[in-house]
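The values are calculated or read from the model by the stated rules, or taken from the named source; none is laboratory data. Every value quoted in this text rests on a predicted model; they were computed, and no experiment measured them. Don't worry about glycine lacking a Cβ; one is built from the backbone with ideal geometry, like all the others, and counts go over all protein chains shown. For the accessible areas, the whole protein counts, side chains as well, though only heavy atoms, and no ligand, DNA or RNA atoms are used. Shrake-Rupley method; radii C 1.70, N 1.55, O 1.52, S 1.80 Å.
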Amino acid sequence: MNAVEYCLLNGLKVAGPAHPALLSASETLSYGALEQRVSQFAVGLRELGVCPGDRVGMLMLDTPDIVATHLATMAIGAIAAAISSRANPEELEQILGIVRPVALVIDGEFADIAVPAVAKALPRIRVIRREHDLAAWKSTSATPLVPVPRKPSDPAFWVMTSGTTGAPKAVEHHHRNVGMCAGYYERILGCSKNDRLFATSRFHFAYAIGNMFAALRMGAGNILLERWATAPTVAETVTRFKPSVLLSVPAVYHRLLEAGLAKTAPFRALRYFVSAGERMPPQIWTAWEEAGGHPILDGLGCSECIYMIIGNTPTHRKPGSSGQAMPSTELRIVDDAGAVIDAANTPGRLEVRMPSTCEGYRSAGDRLDGPPQRPAQQFRPDGWFSTGDEYLRDAEGFYHHRGRTGDMLRVSGIWVSPSEIEDALAGQASIAESAAVLGESDIGLAEIVLYVVPAGGADNASAVSAARECLSHALPRYKQPRRFEAVADLPRTATGKVQRHKLRELLRRDHH
């Protein structure tokens, strides 16, 4: 088998060569044109010497070319790895050290960061420029696409994540993991080739990759947003391409609400609105439905499972919950000892068992000819996977997210390490120590809150001001705390570790 047969070539048979497959501001590709481009890119990659099992990295805008490159890589038996365009030079070097690609495909605007990182980390790899190399490949005559046969257990693509540890790593998915890609869309949303799906998340997220596989499997249209989502660009895209399903994150829905877009005709014309990435605050859920007449169907997915795990449905939904188990998915909640919790409204760790669970992780220094890492605290021998989320199940069977079991911070679907924030304040004379935790804004959106302890001789205001000023220059905006609090000292264990759960409890008391 080859996953490209399962998604693209199946969609071509279902929809026909003239049906739109990819729609974006730069161009629209039909299924026939996409198959041709994937074939051209596959030939180009093979001619460069890319072999089955090799990795191809992609640092690109979300145009049809990134989808075609991803599919072409899988079609020749290599491993596709999309990289965040927000990676700074140090992060990119770390990612390249994990992926160790034989080729890196880039858009020209990323050359200033990519070329030095490649020269430092992997000077022998080939940098493929979209504007030159891919353009040349497109001009060649195309032959019918014939994907290389692969075993279901052969790796097909990696999803880069920092997960719960803060260190970059790759989540390895095999060809068989594409097999359930359309289940949620067909069985829950009733989608078909007549739908157009629009995921606002960037393509390097599992959310968008899984959506791409599903759209192609069904023969549906897949709408791409080339850059990071803003209310105006999402509105413009919805107006122009008329999607039937919008898949986004709570922060984007909030911005659309603030801009008054939920009640406009283009948005009211959509059939379904789906949310994942973080818990959907009930306030946004309610306000959206009141404004536009449609509910937002909140759910939970993760990079390790690629598709929706828990979700609200058009007929079974509850504001504030993540919903219920999705098709082909088993769920359980366990306590700290690993015992299953059957009682309702009792929190514990969420574990999932589903066919698309990843094979494990790849980190820097791994032997790439061996199996991926499968940490025992996450991968159970009987196939259960621990998501790292704390949940409870209510008496009606709806699952409610209570937070992360670890200390990593997740905002709008992006993992942020608290130590990265805290380390950036080293050397600030007015700050003795600090601790970052995840809180909620007034309307229930996840936000990073930083507690700072003023150094001797400094007052609370000067410590907070110094922290805010320092981090505004040291960190990308999405990693910067939204709220700052000064405290006399941080709660610690007997061994000196910061008790972040007590800071989170303090936040909850303050919030209420």
Check your understanding: Residue check: is Thr264 β-branched (Val, Ile, Thr), touching a residue at least 24 places away in the same chain (Cβ under 8 Å), in contact with a Lys or Arg (Cβ under 8 Å, 6 or more places away or on another chain) and open to solvent by 10 Å² or more (accessible area, probe 1.4 Å)?
Key -> no
Check your understanding: Give me the pairs: first residue in segment 60-71 and closer than 17 Å to Ala114 by Cβ, second residue among the charged types (D, E, K, R) and part of a helix (DSSP H, G or I), beta-carbon distance under 7 Å, and six or more apart or on different chains, which are they?
Key -> Met60/Arg130; Asp65/Arg130
Check your understanding: Just to be sure, is Ser412 open to solvent by less than 30 Å² (accessible area, probe 1.4 Å) and among the small types (Gly, Ala, Ser)?
Key -> no
Review point. Which one of these does Phe273 not meet: (1) over 30 Å from Asn2 (Cα atoms); (2) open to solvent by 10 Å² or more (accessible area, probe 1.4 Å)?
Key: (2)
Check your understanding: Has segment 193-211 got any residue that is part of a helix (DSSP H, G or I) and among the acidic types (Asp, Glu)?
Key -> no
Practice item. Considering each of Pro52, Pro101, Pro20 in turn, give the residue that is surrounded by fewer than 23 Cβ atoms within 10 Å (Cβ to Cβ), touching a residue at least 24 places away in the same chain (Cβ under 8 Å), in contact with a Gly (Cβ under 7 Å, 6 or more places away or on another chain) and farther than 22 Å from Asn211 by Cβ. Key: Pro52
Point to revise | Segments classed as helices (runs of 4 or more DSSP H), wholly inside segment 415-512, with at least 1 members that are surrounded by fewer than 19 Cβ atoms within 10 Å (Cβ to Cβ) and modelled with pLDDT under 85 | key: 418-423, 500-511
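Residues checked against (1) β-branched (Val, Ile, Thr); (2) open to solvent by less than 40 Å² (accessible area, probe 1.4 Å); (3) at pLDDT 95 or above:
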| position | (1), (2), (3) |
| --- | --- |
| Met1 | no, no, no |
| Leu8 | no, yes, yes |
| Ala25 | no, no, yes |
| Tyr31 | no, yes, yes |
| Met58 | no, yes, yes |
| Pro64 | no, yes, yes |
| Ala78 | no, yes, yes |
Check your understanding: Restricting attention to segment 122-136, and to residues there that are in contact (Cβ under 8 Å) with a residue 60 or more places away in the chain and in a strand (DSSP E or B), which single residue is surrounded by the most Cβ atoms within 10 Å (Cβ to Cβ)?
Key -> Ile128
Practice item. Scan segment 222-250 and report the pairs whose first residue is within 16 Å of Arg268 (Cβ to Cβ) and assigned to a loop (DSSP other than H, G, I, E, B) and whose second residue is at pLDDT 95 or above and open to solvent by less than 40 Å² (accessible area, probe 1.4 Å), with Cβ atoms within less than 7 Å and a gap of 6+ or a chain change. Key: Pro243/Leu197; Pro243/Phe198; Pro243/Ile223; Pro243/Leu270; Ser244/Asp195; Ser244/Leu270
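State whether one or more residues within segment 234-242 are more than 23 Å from Thr63 (Cβ to Cβ), open to solvent by 20 Å² or more (accessible area, probe 1.4 Å) and polar (S, T, N, Q).
No, segment 234-242 contains no residue that is more than 23 Å from Thr63 (Cβ to Cβ), open to solvent by 20 Å² or more (accessible area, probe 1.4 Å) and polar (S, T, N, Q).
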Practice item. Among what's in segment 346-373 and is basic (Lys, Arg) and either closer than 18 Å to Asp335 by Cα or more than 20 Å from the chain's Cα centre (by Cα) (or both), pick the residue that is least open to solvent (accessible area, probe 1.4 Å). Key: Arg349
Practice item. Scan segment 185-216 residue by residue and report those that are over 28 Å from Val105 (Cα atoms) and open to solvent by less than 20 Å² (accessible area, probe 1.4 Å). Key: Tyr185, Leu189, Cys191, Asp195
